[in-house]
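All remarks here apply to the structure that follows.
The values are calculated or read from the model by the stated rules, or taken from the named source; none is laboratory data. Keep in mind that what you see is a predicted model, and the values were worked out from it rather than measured. Cβ placement follows ideal geometry from the backbone for every residue including glycine, while neighbour counts extend to all protein chains displayed. These accessible areas exclude ligands, DNA and RNA; they are computed on the full protein's heavy atoms, side chains included. Shrake-Rupley method; radii C 1.70, N 1.55, O 1.52, S 1.80 Å.
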Amino acid sequence: MANEDLGNARKAKGDEFYTQFVDIQKEMNAYLEFNPDVFRGKTVLLPCDDPEWSNFTKYFAQNFEALGLKKLISTSYAPDSKPDAIPYQPTLFEMESPGYDPEKTQTKGKIFTLTHDKTGDNVINVDDLEWSYLEGGGDFRSEEITKLRDEADIIVTNPPFSLFREFLAWLVEADKDFVVIGNMNAITYKEVFPLIKENKMWLGNGFNNGNAYFSSPTSRDYADGVVDEETGLIKFRNVVWFSTLDHGRRHEPLSLMTEQDNIKFSKHKEVKDVGYATYDNYEAIEVPFTDSIPSDYAGVMGVPISFLYKYSPEQFEILGSQRWAKSEVLSTIYRGRKSLETDKSTLINGKETYDRIFIKHKQVNK
């Protein structure tokens, strides 16, 4: 099992990207604006992190007192668990520390903790972080990191995208609050969608214009336009925050036009003067754009997964997803020739549409 975990960790570190401080600050501010005490008295864990470089660690350490934190814990993978392509050299911070061990530095992860004013300057901040080597390599699935998970109240991190399913299951198992970064397409996973449908998890405040910029310890060949030549940052589209912490945007209702007004005035040619198609295999209409949702339609609508950026649980009910079809509600609107379990595509005139989520208005504006 240890060798298997190490192999998985190596794979995971192949998609190691560092989140920008400004993005972390913007996201956390959204939760603080909704509830100024959301972090007060809490222990925050930052796993899958690199505390010496991490902007997550910097943000929470710098704002320890302002947030009212009880304890901050940040852990990293051992350098040996990273691909050979990621060069490793101990930092001066580590090498000049009394706890430095040249044998452990390569094979052990690190743990940084913050609880009190260590320097005596009457301020608790990044200078008061204390560190030591972990017993193991720092894999989040290890017993060592799992114990830290169980101690924490809130878990915040950018986990390896390749291990997102496992990481989310690890979080849900402990029934902990969390704010984590993941790919938008993860919404369609069977491990993810039920949590969103049941309002046990939702999208966070989000990145500017849906674009996230990360730094990376490795250099690769990317498509044109992916790397900013001036900053060296790598651009990712369709990257979102998944959260169990509430924020105000989640409760802002969409301003929508009626069905007839959409047909008359919509900016989308797929709707204007055309209307809404009905699926071949579901008793629902196709709404190809979130801003084209008719305000007065009482039936079931199929919408893009990007609808979740604008989803307000007070305005809409999520009924199901074509990818995750196990739903009593969907069985009542399904009219395909195959079974609901196998025929997961939404069809219009025999052609598959993009992934769709089925929704209904909670209160229709007539």
- Note on the structure: Of N208, N262, N238, the most mobile residue in a GNM of the chain (C-alpha springs, cutoff 10 Å) is N208
- Would you be so kind as to identify which of N122, I154, G136 lies farthest towards the positive end of the dipole of the chain, taking Lys and Arg as +1 and Asp and Glu as -1 on Cβ and the Cα centre as origin? I154
- Query: Cα extents of the range 116-214 along the three principal axes, largest first, in whole Å?
  - Reply: 49, 35, 24
- Task: State in Å² the accessible area per residue of the range 247-336; use a 1.4 Å probe, count heavy atoms of protein chains only, and round to the nearest integer.
- Result: 46 Å²
- Message: Output needed for the range 37-171: three equivalent-ellipsoid semi-axes, defined as square roots of 5 times the C-alpha gyration tensor eigenvalues, in descending order, whole Å.
- Response: 23, 20, 12
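Students often get this wrong, so check it: of K70/K108; K338/K360; K264/K360; K42/K110; K108/K235; K26/K108, which have C-alpha atoms separated by over 28 Å?
K108/K235; K26/K108
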- Message: Could you compute Rg(Cα) / (2.2 N^0.38 Å) for the chain, with N its residue count?
- Response: 1.12
- Item | Solution diffusion estimate, µm²/s, Stokes-Einstein, the range 165-216, Kirkwood Rh from C-alpha pairs, 25 °C, viscosity 0.890 mPa s | 200 µm²/s
- Signed unit charges on C-beta, dipole axis of the range 251-366, positive-most listed residue S339, L256, Q363: S339
- Task: Normalising by the residue count of the chain, find the relative contact order in percent from Cα pairs under 8 Å and 6+ residues apart.
- Result: 14 percent
- Which percentage, to the nearest 5, of the DSSP beta bridges contained in the chain is antiparallel? 75 percent
- Item | Check: the chain dipole with +1 on Lys, Arg Cβ and -1 on Asp, Glu Cβ, in debye | 1520 debye
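Carbon and sulfur atoms: what percent of the 1.4 Å accessible area of the range 146-243 do they account for?
Within the range 146-243, the accessible surface is 40 percent carbon and sulfur.
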